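Asker: My questions will all concern the structure given below.
The values are calculated or read from the model by the stated rules, or taken from the named source; none is laboratory data. The model shown is predicted, which means the values in this text are computed figures rather than measured ones. Cβ: placed from backbone, ideal geometry, glycine included. Neighbour counts: every protein chain shown.
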Amino acid sequence: MIQITLCNIPSPTSLQSSNTGCSQLQDKKFQLIMVVYNSKHNHFLPPQLFIPFYIFMIISFFFSQLTKFSSAISFNYTYFSASNPNISYELSAYAEGQVIKLTTDKQAVVGQATVGRATYFIPMHLWDKASGNLTDFTTHFTFIIKSLNEQRYTDGLAFFLAPCDKQLPTVIKGGGLGLAFDDQETTPDANDFVAVEFDIYSNKAWDQLGEHVGIDINSMKSVVTLSWPNRLAIMEGQINEAWICYNPGSHNLSVIFTVYHRKNNKQYIEKRFLSQIIDLRNSLTEWVTFGFSVATEHTTTYTLGSREFSSSWETDDDMITNPEAPNQRKEKIF
């Protein structure tokens, strides 16, 4: 007789991925199927072979689960340090005073965009060519856009994913938010990215009027947008908050973002929701870099205050098809 028993074995909290180097994983418990030999029935395995077979089963199952979870990424930064090796800074971006400054406070050069990017130091395994599986991911972050008391401000901030084997463009214009090539902002064949943009300047050639949030696929002409009337927050440098979620089962990319209001000398925060169905396998490579990109042609500062991110592979047993709204808890930020 064969007896099947389920037991839990805790995994290490940090594993190494052969494809991407060290990635910090959340503690997981692997479910191990133990096949127990009953000596009363010797037709299954001879006793002398049971121990090697048992060890083989354990090792095989462990490494199958290790492969599954080695591509997962999870981190939570309530502040940023210049000595943190897990964040890569490009161009104008740098860490200072426990935040990431994506642009400098210096006066902008007329006709020259200031561009800054901050990305995670290893790429994410977005999807698997052999199985077709997609990862899910969620991210929550806080940020400040400040016009330094100027009435005019540009251009915007984007959370983006892009192929990790391609260099992002070097640009002198701000309309592409550091993601799209100059004069090819709306040419999908020239660009490789998927982004959620927080756009504070309307480019007449492709943008809707006024501040807005949009979802972009290889073009700055968003596939879907929603008004983001946030001028008061930009003028005063108030904190913005956003949650972005991708569901591999429904292919739904969704974003919830805050809008800052003041009425009758009272301040209040409104939350708005935007989503789009996108099969990311059709737009991005298996491995992607991810993070934030900013561009401005005026003296507008962009600051990232906190960030959390997690990704994991979909499974047939617990595929999520209705992502829950983000936790509405209040956090101390900045």
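Asker: Residue by residue through the range 233-272, note down the ones that are modelled with pLDDT of 90 or more and on the phi > 0 side of the Ramachandran plot.
Answerer: Scanning the range 233-272 gives Gly237, His251.
Asker: Anything in the range 134-148 that is among the aromatic types (Phe, Trp, Tyr) and surrounded by fewer than 20 Cβ atoms within 10 Å (Cβ to Cβ)? List them, or say none.
Answerer: none
Asker: Is it the case that some residue within the range 234-255 is of a type in the set (Ser, Thr, Tyr), in contact with a Gly (Cβ under 7 Å, 6 or more places away or on another chain) and surrounded by fewer than 19 Cβ atoms within 10 Å (Cβ to Cβ)?
Answerer: Checked against the condition, which is being of a type in the set (Ser, Thr, Tyr), in contact with a Gly (Cβ under 7 Å, 6 or more places away or on another chain) and surrounded by fewer than 19 Cβ atoms within 10 Å (Cβ to Cβ), the range 234-255 yields no hits at all.
To keep it simple, each residue is scored yes or no on (1) over 28 Å from Thr103 (Cβ atoms); (2) of a type in the set (Phe, Trp, Tyr); (3) modelled with pLDDT under 95.
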position	(1), (2), (3)
Arg231	no, no, yes
Leu274	no, no, no
Thr301	no, no, yes
Glu314	yes, no, yes
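Asker: Taking the condition touching a Lys or Arg at 6+ places or on another chain (Cβ under 8 Å) and either in a loop (DSSP other than H, G, I, E, B) or surrounded by fewer than 23 Cβ atoms within 10 Å (Cβ to Cβ) (or both), does Asp192 pass?
Answerer: It is true that Asp192 is touching a Lys or Arg at 6+ places or on another chain (Cβ under 8 Å) and either in a loop (DSSP other than H, G, I, E, B) or surrounded by fewer than 23 Cβ atoms within 10 Å (Cβ to Cβ) (or both).
Asker: Related question: Listed residues Thr285, Thr301, Thr289, Thr258; which is closer than 13 Å to Thr142 by Cβ and hydroxyl-bearing (Ser, Thr, Tyr)?
Answerer: Thr258
Asker: Moving on. Would it be correct to say that Leu253 is within 18 Å of Met220 (Cβ to Cβ), outside any strand (DSSP E or B) and under 16 Å from the mean Cα position of the chain (by Cα)?
Answerer: no
Asker: Tyr120 passes all but one of (1) of a type outside the set (Lys, Arg); (2) touching a Ser or Thr at 6+ places or on another chain (Cβ under 7 Å); (3) at pLDDT 95 or above; which number fails?
Answerer: Among (1) of a type outside the set (Lys, Arg); (2) touching a Ser or Thr at 6+ places or on another chain (Cβ under 7 Å); (3) at pLDDT 95 or above, Tyr120 violates only (2).
Asker: Output the qualifying pairs, or none if there are none: Cβ atoms under 8 angstrom, residues six or more apart or on different chains, first residue in the range 132-148 and farther than 14 Å from Trp287 by Cα, second residue among the hydroxyl-bearing types (Ser, Thr, Tyr) and not in a strand (DSSP E or B).
Answerer: Ile145/Tyr153; Ile145/Thr300; Lys146/Thr300; Ser147/Tyr153; Ser147/Thr299; Ser147/Thr300; Leu148/Thr299; Leu148/Thr300
Asker: If only one of Lys106, Lys68, Lys129 is under 30 Å from Asn247 (Cα atoms), at pLDDT below 95, in a loop (DSSP other than H, G, I, E, B) and not hydroxyl-bearing (Ser, Thr, Tyr), which one is it?
Answerer: From the options Lys106, Lys68, Lys129, the qualifying one is Lys129.
Asker: A further question on this structure: Suppose we keep only residues that are among the hydroxyl-bearing types (Ser, Thr, Tyr) and assigned to a strand (DSSP E or B) within the range 256-291. Which one would you say is nearest to Ile217 (Cα to Cα)?
Answerer: Restricting to residues being among the hydroxyl-bearing types (Ser, Thr, Tyr) and assigned to a strand (DSSP E or B), the top hit is Ser275.
Asker: Ok, one more. When you scan the range 190-206, how many residues do you find that are small (Gly, Ala, Ser) and at pLDDT 95 or above?
Answerer: Count: 1.
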